[in-house]
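**Q** First, the structure itself, so that you have it in front of you.
Please treat every number below as a calculation from the coordinates, not as lab data. Predicted, not measured: the structure shown is a model, and the values here were computed from it. Cβ: placed from backbone, ideal geometry, glycine included. Neighbour counts: every protein chain shown.
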Amino acid sequence: MPRRSRRARRLLVGDATYLWTVGHDHRYVEDPATGGHRFLDCREILTLRRFRAAGRLSLVFGQAPGRLVPDGYLHSGAVGTAAGRWLNLHEPGAVRALLDEALARGWAPDITAEVDGWPLFDVVGARSTG
């Protein structure tokens with residue numbers, strides 16, 4: 001039976017259980033000319049939280065020069081650089097590495113934060129390519 005893509009996945013870290021999801025989002029602005037809105041860019045968001053903790057961490061991977069996110073050409077969860085480093089945010093190993101780096105940088109499970117994921121990617125991506 002296939003896994004439901006929107007359901008949070010479990011990640012065991014020692015005796016702690018974390019829940020995580022991957023989502024896609026667009027930033028947009030109102031467009032007065034049309035009365036609607038216009039999309040600016042795509043963002044891939046990895047959200048983590050410790051089971052039964054109040055906080056959550058959202059790692060946001062936005063489009064930028066040299067930074068690649070799913071935009072219709074890449075699969076969901078793919079984030080990478082023009083230099084050829086890639087992570088798949090649907091892979092538990094990549095999520096664990098990003099979580100470990102976030103914890104090392106001071107995030108605590110009772111804190112709710114939305115942060116740029118690219119600085120963590122740079123460290124984790126460098127480790128995975130040797």
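**Q** Report, in whole Å, the centroid distance computed from the Cα atoms of the range 23-57 and the range 85-114.
**A** Comparing the Cα centres of the range 23-57 and the range 85-114, I get a distance of 18 Å.
**Q** Right, next: Under the rule of at least 5 residues apart or a separate chain, name every residue whose amide H is placed under 5 Å from the amide H of GLY55.
**A** ASP110, ILE111
**Q** Whose amide H sits under 5 Å from the amide H of ASP41, counting only residues 5 or more places off or on another chain, with H placed in the peptide plane?
**A** For ASP41, whose amide H was placed from the backbone, the distant partners under 5 Å are ARG27.
**Q** Take ARG105 and GLU91, extend 7 Å from each Cα along the Cα→Cβ direction, and tell me the distance between the two endpoints in nm.
**A** With each label point 7 Å from Cα toward Cβ, the separation is 2.0 nm.
**Q** Over the alpha carbons of the chain, what is the largest minus smallest coordinate on each principal axis, giving the biggest first in Å?
**A** Largest to smallest, the principal-axis extents are 54, 37, 35 Å.
**Q** Mind listing the phi-derived Karplus ³J(HN,Hα) values for the range 28-33, rounded to whole Hz, using 6.51, -1.76 and 1.60 with θ = phi - 60°, and x for any glycine or proline?
**A** With the stated coefficients, the range 28-33 comes to 9, 10, 5, 10, x, 5 Hz.
**Q** Modelling each spin label as a point 7 Å along the Cα-to-Cβ direction, I'd like the PHE51/VAL123 distance in nm, to one decimal.
**A** 2.6
**Q** A further question follows. Quick check on the chain: helices-only [θ] at 222 nm, where DSSP H runs of length 4 and up contribute -39,500 (n - 2.57) each and the sum goes over total residues. Nearest 500, please.
**A** One gets -5500 deg cm²/dmol as the mean residue ellipticity at 222 nm.
**Q** Let me ask something else about it. Which distance in nm do the two modelled labels at ALA8 and ALA113 give, with both placed 7 Å along the Cα-to-Cβ direction?
**A** 1.9
**Q** Continuing with the same structure: Each residue of the range 41-57 in turn: what ³J(HN,Hα) in whole Hz from Karplus with 6.51, -1.76, 1.60 and θ = phi - 60°, glycine and Pro shown as x?
**A** 3J(HN,Hα) across the range 41-57, in whole Hz: 6, 9, 9, 9, 10, 9, 10, 10, 8, 7, 4, 6, 9, 7, x, 7, 10.
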